[in-house]
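Report on the following structure.
The values are calculated or read from the model by the stated rules, or taken from the named source; none is laboratory data. Note that the structure is predicted; figures quoted are calculated from it, not measured. As a convention, Cβ positions derive from the backbone with ideal geometry for all residues, glycine included, and neighbour counts pool all protein chains shown.
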């Protein structure tokens with residue numbers, strides 16, 4: 001299990017010539033790191049001392065952190081299913097048909113999973129806006145980093161959606177996936193722009209980003 005490795009162990013595995021884990025797992029990890037930072041800021045803003053709004057944020061961020069952490073391994077598993085499908089025999093016409101169907105099914109899973117990751121990272125980004133707005137001022141930079149990680153998780157996951165959609169022959173599935181992609185990216189852009197504006201307003205020495 002990737003999430004049971006040490007940080008160094010995970011980095012070494014990521015740097016190896018094995019194609020999984022790869023960008024999809026890193027995108028899920030980015031989202032889970034963002035959720036962890038949101039949790040920290042919520043705690044520093046009284047989530048465990050009677051601030052009900054921060055308690056809600058802490059609970060939501062904790063759940064998202066757990067789900068996104070599981071997706072780190074799930075993404076690698078989805079990729080491995082695609083590889084297994086490509087390795088199926090293709091000597092006879094029946095085998096070719098079975099292999100083609102298995103590839104299409106695996107690609108759909110490999111596209112659907114990062115779309116789910118992006119949607120959960122979007123939820124984290126919405127929490128980032130809340131802690132940037134209402135969080136402990138001394139943890140503002142942490143809230144800002146959380147937003148960067150959440151947005152990276154969204155966009156990184158969408159790269160993986162795109163590369164898998166290229167091989168899918170089902171136009172209905174592709175259109176539905178692209179519609180969900182556009183919805184997530186539109187909302188992410190709106191939230192991220194709002195966070196950028198707030199960070200620049202709240203930090204006097206902030207640079208353009």
* To do: Report whether or not residue 33 is over 22 Å from residue 119 (Cα atoms), modelled with pLDDT of 95 or more, surrounded by 13 or more Cβ atoms within 10 Å (Cβ to Cβ) and in contact with a helix residue (DSSP H, G or I) (Cβ under 7 Å, 6 or more places away or on another chain).
  => no
* Asked: From 128, 121, which residue is within 25 Å of residue 80 (Cα to Cα), out of contact with any strand residue (DSSP E or B) (no Cβ under 7 Å at 6 or more places or on another chain), crowded, with 24+ Cβ neighbours inside 10 Å and modelled with pLDDT of 95 or more?
  -> 121
* assigned to a helix (DSSP H, G or I), free of Cβ contacts under 8 Å to residues at least 40 places away in the same chain, in contact with a helix residue (DSSP H, G or I) (Cβ under 8 Å, 6 or more places away or on another chain) and within 16 Å of residue 24 (Cβ to Cβ), is that true of residue 109? -> yes
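With the structure loaded, tell me whether residue 152 is within 25 Å of residue 69 (Cα to Cα), surrounded by fewer than 19 Cβ atoms within 10 Å (Cβ to Cβ) and in contact (Cβ under 8 Å) with a residue 60 or more places away in the chain or whether it fails that test.
yes
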* Structure fact -> Screening 9, 62 for residues that are out of contact with any strand residue (DSSP E or B) (no Cβ under 9 Å at 6 or more places or on another chain), without any contact (Cβ under 8 Å) to a residue 40 or more places away in the chain, closer than 11 Å to residue 124 by Cα and assigned to a helix (DSSP H, G or I) leaves only 62
* To do: Specify the residue that is surrounded by the fewest Cβ atoms within 10 Å (Cβ to Cβ); the eligible residues are those in region 88-112 that are under 28 Å from the mean Cα position of the chain (by Cα) and over 19 Å from residue 73 (Cβ atoms).
  => 101
* Asked: Taking the condition more than 15 Å from residue 150 (Cα to Cα), touching a residue at least 24 places away in the same chain (Cβ under 8 Å) and in contact with a helix residue (DSSP H, G or I) (Cβ under 9 Å, 6 or more places away or on another chain), does residue 38 pass?
  -> no
* Structure fact -> Exactly one of 101, 85, 76 is closer than 24 Å to residue 185 by Cα and either in contact with a helix residue (DSSP H, G or I) (Cβ under 6 Å, 6 or more places away or on another chain) or part of a helix (DSSP H, G or I) (or both), and that one is 76
